[in-house]
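Read through the structure below, which is laid out as structure tokens, and then see the notes.
The values are calculated or read from the model by the stated rules, or taken from the named source; none is laboratory data. The shown structure was predicted, so the numbers you read here are calculated from the model rather than taken from an experiment. Neighbour counts are summed over all protein chains in view; Cβ atoms, including those assigned to glycine, are modelled from backbone coordinates with ideal geometry. The protein model used for the area step is the full one, side chains on, heavy atoms only, and it has no ligands, DNA or RNA in it. Shrake-Rupley method; radii C 1.70, N 1.55, O 1.52, S 1.80 Å.
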Amino acid sequence: MNYYSGHSDKVFVVAWSPHEDLIASAGRDRTVQVWEPSTGRCLLTFDGHSDCLLSLAWSPDGQYIASGCTAGIIHVWRADSGEVLFTYCGHVRFVRSLCWSPDGHYIASGGDYRDSTVQVWEAMTGKLLFTHAQYRIFAAPWSPTAARVVSGSFDGTVQAWDAFTGDNLIIYRAHAGPVYAVAWSLDGTAIISAGQDATVHTWSAQMGNTTHIYRGHTHAIKALAWSPDGTSVASGGDDATVQIWSAFAEDPIKTYTGHTSWVRSIAWSPDGRTLASVSDETVHVWPVAH
């Protein structure tokens, strides 16, 4: 197990490069740090934001990073040099989520406090293509197989919709309280969502019906991640645990208890053998038993 403690304040988000053994993390110290999980060596510190960072995402080819902050600013920059390619200023405040389309051409960004929109725009030009209104967005990932976005909200709903038109809207209402985390299955047919009610729901992306509910946590869940092979889910939250369980059977596989405070973000390595999880000022990198 490794610990990365290069940040000087709380870390809110972590993301693993899709093609290299690199991790990016960001938070209250207003920096994004790109580092090697095997050594803990920081390769690059991006300090282009003047406010607290809440979101970041690697492009599918691993060449670029998009990062968003509480001021509503999103920078798109080179992961190897920190060179800013484009700055998107479409949000009012609090960019809580960022996700690239699978082809790397578009970004969906979700606005939380005083914004309440998901905005779909061209990644390298900032041309706004569509705006979806929903109260206080916490997560808005793009489907890995289609032009669809699913967005989780403070109002307790999860909405799946066409990324460019808003059509084919499905509204999932089975949670009791705010939804803080959402993720797509590898094949794009299922969605997992979790939040204040301490449950993870698996449901059909086509029909909106619940297929499974995982109840292993005792407090609000703030982070979700589907394993790269699609067989397992990792969830973390206010009970300071990260739990790994079978995606379609709710069978627990492993519980990580190395954190002493609530877990804010989790990310799988591309090979599915390792997890990075964030709590307080540190990122923990630990092996997943199979």
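Worth a mention:
- Tail fraction, Cα-Cα pairs, segment 201-268, threshold 13 Å, whole percent: 63
- Taking label positions 7 Å along the Cα-Cβ direction at both ALA289 and TYR113, the computed distance is 4.0 nm, reported to one decimal.
- Solution diffusion estimate, µm²/s, Stokes-Einstein, segment 110-241, Kirkwood Rh from C-alpha pairs, 25 °C, viscosity 0.890 mPa s: 166
- Excluding exposed DSSP-loop trypsin sites (Lys or Arg not before Pro) (at most 13 other C-beta within 10 Å), longest clean stretch of the chain: 42-113
- Percent accessible area from carbon and sulfur atoms, the chain, protein chains only, probe 1.4 Å: 50
- Reported label for calculated Rg and Dmax of the Cα atoms in Å given [x] 17.1, 46; [y] 19.4, 61; [z] 19.0, 56: [x]
- Rounded to the nearest 10 Å², the accessible area of LEU85 at probe 1.4 Å: 70
- Shape of segment 47-138, Cα gyration tensor, a/c cut at 1.5: oblate
- Across segment 175-290, counting alpha-carbon atoms alone, Rg and Dmax equal 13.0, 40 Å.
- Kirkwood Rh and Cα Rg combined as Rg over Rh, evaluated for segment 96-173: 0.93
- Computed label-point distance, nm, for sites ASP162 and ASP251 using a 7 Å Cα→Cβ extension: 4.1
- Tail fraction, Cα-Cα pairs, segment 135-195, threshold 17 Å, whole percent: 30
- For LEU44, the amide hydrogen comes within under 5 Å of the amide hydrogens of VAL34, counting only partners 5 or more places away or on other chains and with H modelled in the peptide plane.
- Surface accessible to a 1.4 Å probe, PHE12 within the full protein complex, Å²: 40
- Computed over the chain: relative contact order in percent, which uses C-alpha pairs under 8 Å that are six or more apart: 13
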